[in-house]
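Student: Before I ask anything, here is the structure I am working with.
Quick note: the coordinates plus some simple rules give every number you see, no bench work behind them. These figures come from a predicted structure and were not determined experimentally. Ideal geometry is used to build each Cβ from the backbone, glycine not excepted, and the neighbour counts take in all protein chains shown.
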Amino acid sequence: DVDATTVAIRKGPDEIQVLVILYDVTFMRQVEKMQSDFVQNVSHELKTPVTAITGFAETLLAGAKDDPEALDKFLHIIQTESQRLTQLIQDTLALSRVGSSNDHIEKVPVAPLVQNALNSIQQPLKDRKLHVNVELDADLSLDTNRRKLSQIVRNLVNNAVFYNKEGGTVSIVGVRTNGGIRLQVSDTGVGIADDEQQRVFERFYRVDKARSRNSGGTGLGLAIVSELVADLGGSIHLASQLGVGSTFTVALPNAVASEHNQDN
Ligand code: ADP
């Protein structure tokens, strides 16, 4: 795509110089398209829970509230859909913050982040009778942005729990590497077929829409992870077998303080 600006310069009484400036706006147009696609997707995703909440509230007000069974059932749906709405808003905000360059870099110990991620899903871990195995190098830490690393760990651990099988295992292994860390989050769950393994990192992509919707999924968790990993200069790799389980491996480098300061 090309945009053009024409400038006419009078050089003398009979002489005009015409300057045509061409801009290649292909990249800009692509970015604009991606942004408007994203806004459309978000709006569509937000509409689903809002429609459900409005619909069930109206049904209750129209008289269903007098039936105790319907009252309980519809209130639970309203609660679930409200939680879903909150998750969508949080995930959208998380995505919008990925590129923020004025983020604080500090030495971040890994063990407390893993513990926080596990604490926040204690109940589902219990309900699903999952075993947890954490193996971290002693005093493992990374020079990075705490919020971003924490979000990466939380999203991967959440998925390892929600896409696991009852009685399965969630395993979190972290080792020091030359200049950074490598974190591995594995599960013994449903697994991801070969032809889906690239797509799960796309925004809003879900393998099984019904199941991930029930688990409260937004289809944004792994998109956030892969965009954050790229933002921190790292890489992510997925190995998975359908019906056996998945392993997400994230390699992250220590942020160089001087490079970061130049950003600000
Ligand atoms: P969601 O919010 O739906 O979990 P994600 O972006 O986190 O969205 O994941 C995208 C899709 O990838 C999920 O809907 C699910 O189908 C699949 N997926 C993610 N993590 C796992 C996992 N550990 N095991 C099996 N499937 C997974």
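Student: How big is segment 59-162 on each of its three principal axes, counting only the C-alpha atoms and giving the largest first in Å?
Tutor: 59, 36, 15
Student: Explain nothing, just compute: Karplus ³J(HN,Hα) = 6.51 cos²θ - 1.76 cosθ + 1.60, θ = phi - 60°, for every residue of segment 70-76 in order, whole Hz, x for Gly and Pro.
Tutor: Taking θ as phi minus 60°, the curve returns 5, 4, 5, 5, 5, 5, 5 Hz for segment 70-76.
Student: Along the charge dipole of the chain, Cβ charges K/R +1 and D/E -1, which of Val20, Pro68, Leu238 sits furthest on the positive end?
Tutor: Pro68
Student: Now a separate question. So, counting K/R as plus one and D/E as minus one, what does the shell of residues with Cβ under 13 Å around Phe74 add up to? List each step's numbers first, then the result.
Tutor: Details: positive: Lys65, Lys73; negative: Glu58, Asp66, Asp67, Glu69, Asp72, Glu81.
Once positives and negatives cancel, what remains is -4.
Student: While we're looking at this one, here's another question. Treating the beta-carbon of each Lys and Arg as +1 and of each Asp and Glu as -1, no other charges, what is the dipole magnitude of segment 7-111 about its Cα centre, to the nearest 20 debye? Show your work: numbers first, answer last.
Tutor: Numbers: 10 positive and 15 negative charges, 81 e Å.
Approximately 400 debye in magnitude.
Student: Let's see if you can work this out: charge +1 on each Lys and Arg Cβ, -1 on each Asp and Glu Cβ, no other charges. What is the dipole magnitude of segment 62-140 about its Cα centre, in debye to the nearest 20? Can you show the working numbers first?
Tutor: Working: 8 positive and 12 negative charges, 11 e Å.
Roughly 60 debye, rounded to the nearest 20.
Student: Taking only the alpha-carbon atoms of segment 44-89, what semi-axes of the equivalent ellipsoid follow from 5 times the gyration tensor eigenvalues under a square root, in whole Å, largest first?
Tutor: So the equivalent ellipsoid measures 22, 11, 5 Å along its semi-axes.
Student: With angles folded into 0 to 90 degrees, how steeply does helix 110-119 sit against the dominant principal axis of the chain? Use alpha carbons for both and round to 10.
Tutor: Approximately 50 degrees, to the nearest ten.
Student: Roughly what angle does helix 146-162 make with the longest principal axis of the chain, taking Cα atoms, 0 to 90 degrees, to the nearest 10?
Tutor: 50
Student: Sticking with this one: Sum -39500 (n - 2.57) across every DSSP H segment of at least 4 residues in the chain, then divide by the residue count to get the 222 nm mean residue ellipticity, nearest 500.
Tutor: Roughly -15000 deg cm²/dmol at 222 nm, from the helical runs in the chain.
Student: Assigning unit charges at the beta carbon (Lys, Arg +1; Asp, Glu -1) and nothing else, what dipole magnitude in debye, to the nearest 20, does the chain show about its Cα centre?
Tutor: So the magnitude is around 500 debye.
Student: Determine which lysines satisfy two conditions relative to Lys73: a Cα distance under 24 Å, and not lying fewer than 8 residues away in the same chain.
Tutor: Output for Lys73: Lys47, Lys65, Lys209.
Student: So if I average 1/r over every pair of distinct C-alpha atoms in segment 85-216 and take the inverse, what Kirkwood radius in Å does that give?
Tutor: Roughly 16.1 Å, rounded to one decimal.
Student: What is the percent of Cα-Cα separations in segment 1-122 that go past 24 Å?
Tutor: 64
Student: Another question about this same structure. For the chain, what is the Kirkwood estimate of the hydrodynamic radius, computed as the reciprocal of the mean inverse distance between distinct Cα atoms, to one decimal in Å?
Tutor: So the Kirkwood estimate lands at 21.6 Å.
Student: When the C-alpha atoms of segment 145-246 are aligned to their principal axes, what extent does each axis show, in angstrom, from largest down?
Tutor: Sorted largest first, the three principal extents are 39, 27, 24 Å.
Student: Grab every C-alpha pair in segment 133-196, bin the distances at 10 angstrom width from 0 up to the longest one, and report whole percents.
Tutor: The calculated distribution, bin by bin, is 19, 46, 28, 7.
Student: Please report, in Å, the Rg and the Dmax of segment 1-73, where both are computed over Cα atoms only.
Tutor: 29.0, 91
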